Amino acid sequence: MTEVSKQRLLLATRNAHKTREVREILGADWIVEDLSVLPDLPEIEETGETFEENAKLKALAAAPHYDGWVLADDSGLEVDALGGAPGVRSARFAGDAATMEENRALLGEKLRGEKNRAGRFRCVLALAKSGAFVRTFSGAVEGSIAGEESGQGGFGYDPLFVPEGETRTFAEMGPEEKHALSHRGRALRAAADFLRSVS
């Protein structure tokens, strides 16, 4: 497929890990760019109370500045024993400037001695074009929180999350294996199906 015939898509993120995953999942039919192509766009404040609200905020902030489809991801980890936390604050669980190592350490601390380790990764994608919101797509994967970190792959909470039916964390899996199961993979496949249907 030539560059001209490929679909162009802006992912409204500055998270290089997310950009890489989206490129891996969507494959060669897509040219996936991110907010590095819009260096003057101000930081988008994630002020929503839900993944859907935050995804819409990000998509609508970027869409007026891009000629084509804009997709924004908001995702995170919900832990049953913590009442669904960290949820929308997954990236800021241990504080606004926290590293993911600090976030994982806090999660481990809060679950110390806890028997209920159930949780899920949830992802909501918001699609926009020409400054207007189009629709959302969602995906989730159930699993459990491991007692200790394992694996070198992935990012975020992947070294602690064991998807249902598996004995390994996401961080112990290869990219293709993880994407087949993951929340983001499920949401992106739904978004890709929609985009192909309207292109």
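All of the numbers you see were taken from the coordinates with simple rules; none came from a lab. In this text, all values refer to a predicted model and were calculated from it rather than measured experimentally. Methodologically, a virtual Cβ is constructed for each residue, glycine included, from the backbone with ideal geometry; neighbour enumeration extends over all protein chains shown.
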Inset, instruction - Would you be so kind as to identify which of His183, Tyr157, Gly76 lies farthest towards the positive end of the dipole of the chain, taking Lys and Arg as +1 and Asp and Glu as -1 on Cβ and the Cα centre as origin? - result: His183
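Hey, fewest Cβ within 10 Å first, where do Met173, Met100 land in order? Walk me through the numbers on the way to the answer.
On the way: Met173 20, Met100 17.
Lowest to highest Cβ neighbour count: Met100, Met173.
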Legend entry - Lysine pairs in the chain with Cα atoms under 18 Å, if 8 or more residues apart or on separate chains: 6
Inset, instruction - Would you grab the residues whose amide H sits under 5 Å from the one on Trp69? Only those 5+ places off in sequence or on another chain, please, with H modelled 1.01 Å from N. - result: Leu10
Legend entry - Karplus 3J(HN,Hα) series, Hz, for segment 113-124 with 6.51 cos²θ - 1.76 cosθ + 1.60 (x for Gly, Pro): x, 7, 7, 7, 9, 5, x, 8, 8, 10, 9, 10
Legend entry - For Glu149, residues with placed amide H under 5 Å, excluding near neighbours: none
Legend entry - Inter-part distance where segment 147-191 and segment 43-62 are each reduced to a Cα centre, Å: 24
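Sum up the charges of everything whose Cβ sits under 10 Å from the Cβ of Thr13, counting Lys and Arg as +1 and Asp and Glu as -1, but leave Thr13 out. Present the calculation step by step, with values, prior to reporting the outcome.
Numbers: positive: Arg14, Lys18, Lys58; negative: Asp34, Asp73, Asp74.
Value of the local net charge: 0.
Sort Asp29, Asp80, Asp158 so the one with the fewest other Cβ atoms within 10 Å of its own Cβ comes first. It would help to have the intermediate numbers written out before the result.
Details: Asp29 12, Asp80 15, Asp158 24.
Going from least to most buried by this count: Asp29, Asp80, Asp158.
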Inset, instruction - With runs of 4+ DSSP H residues as the only contributors, calculate the mean residue ellipticity of the chain at 222 nm using -39,500 (n - 2.57) per run, divided by the residue total and rounded to the nearest 500. - result: -9000 deg cm²/dmol
Legend entry - Residue-wise HN-Hα coupling along segment 149-165, computed from phi with Karplus coefficients 6.51, -1.76, 1.60 (Hz; x: Gly, Pro): 6, 8, x, 10, x, x, 7, x, 8, 3, x, 10, 9, 10, x, 3, x
Legend entry - About the Cα centre, charge dipole magnitude for segment 7-198 (Lys/Arg +1, Asp/Glu -1 at Cβ), debye: 360
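Counting other C-beta atoms within 10 Å, which of Asp74, Asp34 has the fewest, and how do the rest follow?
On the way: Asp74 27, Asp34 20.
Result, fewest neighbours first: Asp34, Asp74.
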Legend entry - Degrees between helix 16-26 axis and first principal axis of the chain (Cα, 0 to 90, nearest 10): 70
